[in-house]
Amino acid sequence: MLPIYDQKSRIKLVIVAGALLIAAATVIYTNILVQRLSEREQQQIDLYAKTQRYIINTEEESDNSFLMDEIIKANTTIPVIFTDADANIIDAKNVSIPKGLSEQAAIAFLRREIAVMKQQHPPIVVEIGAGLRNFIYYKESALLTQLRYYPLVQLAVIGCLAIIAYFTFSYSRRAEQNRVWVGLAKETAHQLGTPLSSLVGWQAYLRESERFRDEPIVEELGKDIRRLEIITERFSNIGSVPVLKDENILRVTQNAISYLQSRVSRKVTFEVKTDLPTDTPAQVNIPLFDWVIENICKNAVDAMDGRGSITLHLRRPIRNKSQIAIDITDTGKGIPKSKIERVFLPGYTTKKRGWGLGLALAKRIIENYHRGKLFVKWSEVGRGTTFRVILKG
Ligand SMILES: Nc1ncnc2c1ncn2[C@@H]1O[C@H](COP(=O)(O)OP(=O)(O)O)[C@@H](O)[C@H]1O
Ligand SMILES: [Mg+2]
């Protein structure tokens, strides 16, 4: 396996850990600020209340009334409401009453404010002599409230940006991958074309010639040419928008299998099973579909060390009866749970001579070109694996 995927997931882990750390630091730091500001507001309101009490209880103009006024005026942020003992509102400061309210509505508004304030702090009692008392209700300033929610807002905004960045990035990466696949395939088909057509010419020439006509080599050459033509067709199909046709899926699958069977050890047995009617159609592009079956079955053979069975089961999936599912089950070594997600990644291979492109290509062919699905349906180490191909019926 290429170490690139291990490295990638480690980098991801570091990025996520870093992001969490920054988020936690922001929240903790803001909380400290909120705590400090809250303490200061508490001190300010205490001083404010003391001043009020002093002013009320001092009848004659005192020398420091000027200082008192300053203290009262200094509170421009903390909302306060005064009431008398009978809960009549005497005055309100720093409470923004919505404009255009009638007097009654404004009083109702202030009463609701008082209820909110009561929940935050008990009111400060101001003795005004003769057993009478006023109350000062107050709540934290708008600034403090905003600061409390600031880290949440900030994290939400950063989160949104991160999500947008992620999708943009993965979209452009996918677009780039598409260009590479398609370009390379077109180029390959194009390059194969020239020698192939001259091979066809040579074979025709040999067939005509008295000397070679009856040689078995001419037949064999023909088979290889046919094989090369199939390969060229595959590449040219993957390099363009492939045509899907309603094909007899059972026959197409059987043909693909019999071709494979003749090329692998006899100790590997193939079987095609189905309960479907024999003429069931599915939308496929035969050269590309054959390529998928070939890739999956070749992997199955590799996973079995030359002995075992491969079963292809065609059926309609329980959940969507308009589709055709082809389950390809082998009796090979299986795929560990932790690796199942990776087998479709280009470059992922556990083989000495593997390229790790077979399944990536198969998935592309099925999902992008056939609008179907390809996934590992079941796998158990030491017992085997089932790949499921889903096609449109
Ligand atoms: N039927 C299977 N059983 C066990 N492992 C499998 C099977 N099919 C695929 N794999 C695993 O997935 C990897 C990727 O497969 P593939 O993309 O075809 O690349 P390659 O065949 O070149 O390794 C294989 O190397 C193997 O580890
Ligand atoms: Mg392979």
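Miscellaneous remarks
- Which numbered condition residue 235 misses (of (1) open to solvent by 20 Å² or more (accessible area, probe 1.4 Å); (2) touching a strand residue (DSSP E or B) at 6+ places or on another chain (Cβ under 6 Å)): (2)
- Each residue in region 352-393 was checked for being touching a Pro at 6+ places or on another chain (Cβ under 6 Å), assigned to a loop (DSSP other than H, G, I, E, B) and more than 11 Å from ligand 1 (Cβ to nearest atom), and 0 of them qualify.
- Condition check for residue 167: open to solvent by 100 Å² or more (accessible area, probe 1.4 Å) and of a type in the set (Phe, Trp, Tyr): yes
- Residues of region 306-320 that turn out to be assigned to a loop (DSSP other than H, G, I, E, B) and either near ligand 2 (Cβ under 10 Å from one of its atoms) or at negative phi (or both), as a count: 6
- The number of residues in region 112-156 being among the hydroxyl-bearing types (Ser, Thr, Tyr) and in a helix (DSSP H, G or I) comes to 3.
- Taken over region 17-56, the criterion of being open to solvent by 60 Å² or more (accessible area, probe 1.4 Å), without any contact (Cβ under 8 Å) to a residue 40 or more places away in the chain and either farther than 25 Å from residue 160 by Cα or in contact with a Cys (Cβ under 8 Å, 6 or more places away or on another chain) (or both) is satisfied by 32, 35, 36, 39, 40, 42, 43, 44, 47, 50, 54, 55.
- Residue match in region 316-325 (condition: among the β-branched types (Val, Ile, Thr) and out of contact with any helix residue (DSSP H, G or I) (no Cβ under 8 Å at 6 or more places or on another chain)): yes
- Restricting region 278-305 to residues that are away from ligand 2 (no atom under 16 Å from the Cβ) and in a loop (DSSP other than H, G, I, E, B), the residue that is farthest from residue 369 (Cα to Cα): 278
- Positions within region 248-306 being among the hydroxyl-bearing types (Ser, Thr, Tyr) and over 38 Å from the mean Cα position of the chain (by Cα), in sequence order: 258, 259, 262, 265, 269, 278
- Among the residues making up region 335-366, those that are more than 15 Å from ligand 2 (Cβ to nearest atom) and either closer than 11 Å to residue 299 by Cα or among the charged types (D, E, K, R) (or both) are 337, 341.
Rundown of residues vs (1) of a type outside the set (Val, Ile, Thr); (2) open to solvent by 20 Å² or more (accessible area, probe 1.4 Å); (3) in the same structural domain as residue 313 (by TED's automatic domain parsing); (4) closer than 19 Å to residue 294 by Cβ, yes/no style:
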| residue | (1), (2), (3), (4) |
| --- | --- |
| 346 | yes, yes, yes, yes |
| 353 | yes, yes, yes, yes |
| 358 | yes, yes, yes, yes |
| 368 | yes, yes, yes, yes |
| 374 | yes, no, yes, yes |
| 378 | yes, yes, yes, no |
| 381 | no, yes, yes, no |
| 385 | no, no, yes, yes |
| 388 | yes, yes, yes, yes |
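- Test: residue in region 307-319 that is over 27 Å from residue 8 (Cβ atoms) and within 11 Å of ligand 1 (Cβ to nearest atom): yes
- Of all the criteria given as (1) of a type outside the set (Ser, Thr, Tyr); (2) open to solvent by 50 Å² or more (accessible area, probe 1.4 Å); (3) away from ligand 1 (no atom under 16 Å from the Cβ), the one not satisfied by residue 244 is (2).
- Checklist (1) over 30 Å from the mean Cα position of the chain (by Cα); (2) assigned to a loop (DSSP other than H, G, I, E, B) applied to residue 349, failing item: (1)
- Taken as a whole, the condition of being away from ligand 2 (no atom under 13 Å from the Cβ), assigned to a helix (DSSP H, G or I), among the β-branched types (Val, Ile, Thr) and touching a residue at least 24 places away in the same chain (Cβ under 8 Å) does not apply to residue 324.
- Listed conditions (1) in contact (Cβ under 8 Å) with a residue 24 or more places away in the chain; (2) among the charged types (D, E, K, R); (3) closer than 30 Å to residue 154 by Cα are all met by residue 127, apart from (3).
The values are calculated or read from the model by the stated rules, or taken from the named source; none is laboratory data. In this text the structure is predicted, and so the values were computed from the model without any measurement. Positions of Cβ are backbone-derived with ideal geometry, glycine not excepted, and every protein chain shown enters the neighbour counts. The protein model used for the area step is the full one, side chains on, heavy atoms only, and it has no ligands, DNA or RNA in it. Shrake-Rupley method; radii C 1.70, N 1.55, O 1.52, S 1.80 Å.
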